[in-house]
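The values are calculated or read from the model by the stated rules, or taken from the named source; none is laboratory data. On a predicted model such as this, the values are computed, not experimentally measured, just so you know. All Cβ positions, glycine included, derive from the backbone under ideal geometry; neighbour counts span all protein chains shown.
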Amino acid sequence: MHKVKPVLIGLMSVVVMCGVVGGGLFPPTEAGGEERRTQLREQREARKLERHQRRRGFLLNRLSQLPACGPGTPGPRWVPDRPETTEFCDNTTGLWWEKTPDGTPRDWVDSGTHCANRDLDNGQTYRLPTVRELFSLVDYSQRNPALPVDQPFGNVQSADYWSATETVAANGSNSAWYVGFQGGHVRNNTKSTPNYVWCVRGLQGGA
């Protein structure tokens, strides 16, 4: 036992020396560790910025591919986006509507949240349409649904669709307007009522 101690002490001295000189057995000093952490953080931020720039370039490219649409623009009423058709623009208003509205009834608050979170991979912000915007789609000559004959949309229910327009009340409003595409009626109901949702993007009109 007495002969082992010097050997152990000598071995520990070698290990410590290797750690100090070679830097392979012990972690770097606090100063060196902080420098390394800073480098790693800067590398992560650079990669994040690069991904953001690539995404921004992709979205700008997608937007540049969208055709002209709006009042005074020649062409058919319904203008598809490009290259994939996920929405159509109404050439009479310049509003872009979902090609296939969601088929789940929601209350008024959830309807607005659904549109705000809508992602059609084109970087655009969607919202619940105003009652005036929603009513602009109605064609009274048609029923179930009350939409123009040449309309290109799918999954439109012959039912009530929420608008973002609240009713006017002195003490705050607990109801909002909706458009019924059974025949094109416009009425209001309490916000807790489940109705369908049709999201839109573009210039927001009055009411």
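Could you list all residues from the stretch 140-150 that are surrounded by 12 or more Cβ atoms within 10 Å (Cβ to Cβ) and either at pLDDT below 95 or charged (D, E, K, R) (or both)?
143
Residue-by-condition table, conditions (1) farther than 16 Å from residue 87 by Cα; (2) of a type outside the set (A, V, I, L, M, F, W, C); (3) at pLDDT below 95:
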| residue | (1), (2), (3) |
| --- | --- |
| 130 | yes, yes, no |
| 138 | yes, no, no |
| 153 | no, no, no |
| 165 | yes, yes, no |
| 180 | yes, yes, no |
| 192 | yes, yes, no |
| 204 | yes, yes, yes |
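Within the stretch 80-92, can one find any residue that is in contact with a Leu (Cβ under 9 Å, 6 or more places away or on another chain) and under 16 Å from residue 136 (Cα atoms)?
Looking for residues that are in contact with a Leu (Cβ under 9 Å, 6 or more places away or on another chain) and under 16 Å from residue 136 (Cα atoms), one finds at least one in the stretch 80-92, hence yes.
For the stretch 143-184, how many residues are in a strand (DSSP E or B) and not hydroxyl-bearing (Ser, Thr, Tyr)?
Matching residues across the stretch 143-184 total 8.
As an exercise: evaluate residue 104 against (1) surrounded by fewer than 16 Cβ atoms within 10 Å (Cβ to Cβ); (2) under 15 Å from the mean Cα position of the chain (by Cα) and give the number of the one condition it does not meet.
(2)
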